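Following: one structure in structure tokens, then a few remarks.
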Amino acid sequence: MPEYEKHLYMIVFPINALVASQLDPEKFGEHYTLGSAKHFSGKVIFAEIDINFRNPYFEIDEYLKLTVPHEDGLPKKTKFICSYNVLEHVDLKAIQKLFLVTTNGKVLPIEPAEYTAYNQPGLIRIYQEVAPLETLVASTLDQREFGKFITSQKAKGAPKICFTQIEFDIEKFLESNKNKEIFNIELPSVNPYRFYDCIMVLKNNPEKLTKTISLGSLLRDISYKFLRHGFWFAAGNELKFFPMPSVADLENKYFYWWKFVR
């Protein structure tokens, strides 16, 4: 019987689940998007978790014991450990690498990096919460403060959060719809009038820090190329950042991924 390395993967989109697998990240992403009808048709985002990570909430050792090759010698592709309250019980330090998967199974690996950017205070940004929430939010908070704010809110937050920022020119939107009866917006499934109202509330009320634009996730319909900076995992003051590669790197190092998302 062949030996395969075991992996722990945390899916953050389209669901939040902890999975054991004998597939490497590239094969896992391909399998999850294309290899099994019971899984998912569409883009997938997942992270590799330190194989030595343990939390009493998860029965990791028991499921790793069950993650063995099939009788025909093929590797065990997925063994779901948990599919509820997963990110809340994963240490951010245990998240080793993030993977973005296209709808046709191409996988982009992203290494973590220190988030050192200086952020203009008060600028309105559009954040897409990825897991465990899926809210689209307009906020005057920068990425560091947004992560702290959301993970300290009981009513509309979560103890830990994964989120990204949507690349969108708000001022261009306002100018292009000025004095028009029918608004248009280049964001799929977003009500332009609701979007406009949220922006105006933030502009006219400096004490207001966030406004919910919609409860559904744009990630199902929007291209990866519209994501700004990368992905953040936050838990209070703790922040883990996975930066999107530059366009030059995408074109030169990851061409076979990039050509399917443009």
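The values are calculated or read from the model by the stated rules, or taken from the named source; none is laboratory data. As the structure is a computational prediction, the values presented were derived from the model and not from experiment. Cβ: placed from backbone, ideal geometry, glycine included. Neighbour counts: every protein chain shown. Protein only, heavy atoms only, side chains kept; ligands, DNA and RNA dropped before computing areas. Shrake-Rupley method; radii C 1.70, N 1.55, O 1.52, S 1.80 Å.
Tabulated values for the structure
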item	result
Candidates per GluC sites (Glu not before Pro) in region 72-176, loop by DSSP, up to 10 other Cβ within 10 Å	114
Using a Förster distance of 35 Å, the FRET efficiency for residue 3-residue 55 (Cβ separation, nearest 0.05)	0.85
Sparsely packed trypsin sites (Lys or Arg not before Pro) within region 1-102, loop by DSSP, other Cβ within 10 Å at most 14	38, 54
Convex hull per residue volume in Å³, alpha carbons only, for the chain	142
Å² of accessible area per residue within region 161-211, as computed with a 1.4 Å probe and no ligands counted	62
Förster radius 25 Å - calculated FRET efficiency between residue 92 and residue 155, Cβ distance, rounded to 0.05	0.60
Extension reserve of the residue 225-residue 103 stretch, reckoned as 0.36 nm per residue once the Cα distance is removed	42.5 nm
Cα point-scatterer Debye curve for region 1-120, base-10 log of I(q)/I(0) at q = 0.20 Å⁻¹	-1.14
Efficiency of FRET from Cβ geometry, residue 111 and residue 184, R₀ 41 Å, rounded to 0.05	0.60
Cα-based radius of gyration of region 146-262 once divided by 2.2 N^0.38 Å, which approximates compact folds	1.24
Whole-Å distance, taken between Cα centres, linking region 181-199 and region 48-95	41
Crossing angle, helix 192-204 versus the chain [Cα axis fit, 0-90 degrees, rounded to tens]	70
